[in-house]
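The values are calculated or read from the model by the stated rules, or taken from the named source; none is laboratory data. This is a predicted model, so every value here is computed, not measured. Every residue, glycine among them, receives a Cβ derived from its backbone with ideal geometry; neighbour counts consider all protein chains shown.
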Amino acid sequence: MPVPTRVQPERNIWVAAGDGDLARVQELIGQGLSPNVPDPNTYTPMHAAASYGHIQILEYLISQGGDVNITDDDGDTPLYVVENVETARFLVEHGAVVDHQNLEGVSPAGCHAEEFPEVATYLESISPSTAATHTAPSIQTNFVPSQHAQEQASEALTSSLMDSVQVIMERAEAEGRDPDAELREVVSRAVMQGMVTGYDMGNSTQDAERRGGDDEPDGVNGSKRSRTDNGPS
């Protein structure tokens, strides 16, 4: 990841963002600079603030249209340059795509695996693809929920998904950015939630059938044997 280029110091928003100088960043944004403006190395104020963990700067930049998924020439988003879990969590909560891959095919978690393993662990724990890898093999399909139960679950998931999509679209429009990446992630999460919901419903059906079986006689021809009965002599 390139470092901020110190050109035109009097208007260098990248250094100000990296230094945590909120007043200077606000001044430069007020003069017309974009929170997503790249320096000659395609390093943006969003990358600079994320790299140094300046959450207050990130909050301000996002409020002015800063894109949490903006990429540099390497395809790296701000999530690739964070150095602590707190900053990573902030970006994720504001729409950063966890499963993004840069031009080398590396995800943010993969990028941090060696130098910042705690960040990598956090990102892997919330990655939709990681969840799918660990969850899908355990899903059983032997027990099918009722049609009514399936319809209720589907309606709830659809309603939740539509609400999320509306929020993302409105925020993207207000910030003047492309919502596609964030929309893909929320749809992926909805799919995973649907899989888990189906799994839980299947388990509930299985448990109910097992409970029903407990009421059946456990002796031959329906005759129960007492605990002290050792059987025929």
Checklist entry - Taking the stretch 55-66, which residues are among the small types (Gly, Ala, Ser) and surrounded by fewer than 24 Cβ atoms within 10 Å (Cβ to Cβ)? => result SER63, GLY65
Checklist entry - Does any residue of the stretch 125-134 turn out to be surrounded by 15 or more Cβ atoms within 10 Å (Cβ to Cβ) and either part of a loop (DSSP other than H, G, I, E, B) or modelled with pLDDT of 95 or more (or both)? => result yes
Checklist entry - Can you tell me which residues in the stretch 34-54 are closer than 22 Å to GLU124 by Cβ and surrounded by fewer than 23 Cβ atoms within 10 Å (Cβ to Cβ)? => result SER51, GLY53
Item to check | All positions within the stretch 46-102 that are assigned to a loop (DSSP other than H, G, I, E, B), closer than 24 Å to GLN31 by Cα and in contact with a Phe, Trp or Tyr (Cβ under 7 Å, 6 or more places away or on another chain) | outcome: ASP72
Checklist outcome for this item: ASN69 fails exactly one of (1) closer than 17 Å to ASP180 by Cβ; (2) surrounded by fewer than 21 Cβ atoms within 10 Å (Cβ to Cβ), namely (2)
Checklist outcome for this item: The number of residues in the stretch 26-45 that are part of a helix (DSSP H, G or I) and over 17 Å from LEU91 (Cβ atoms) is 5
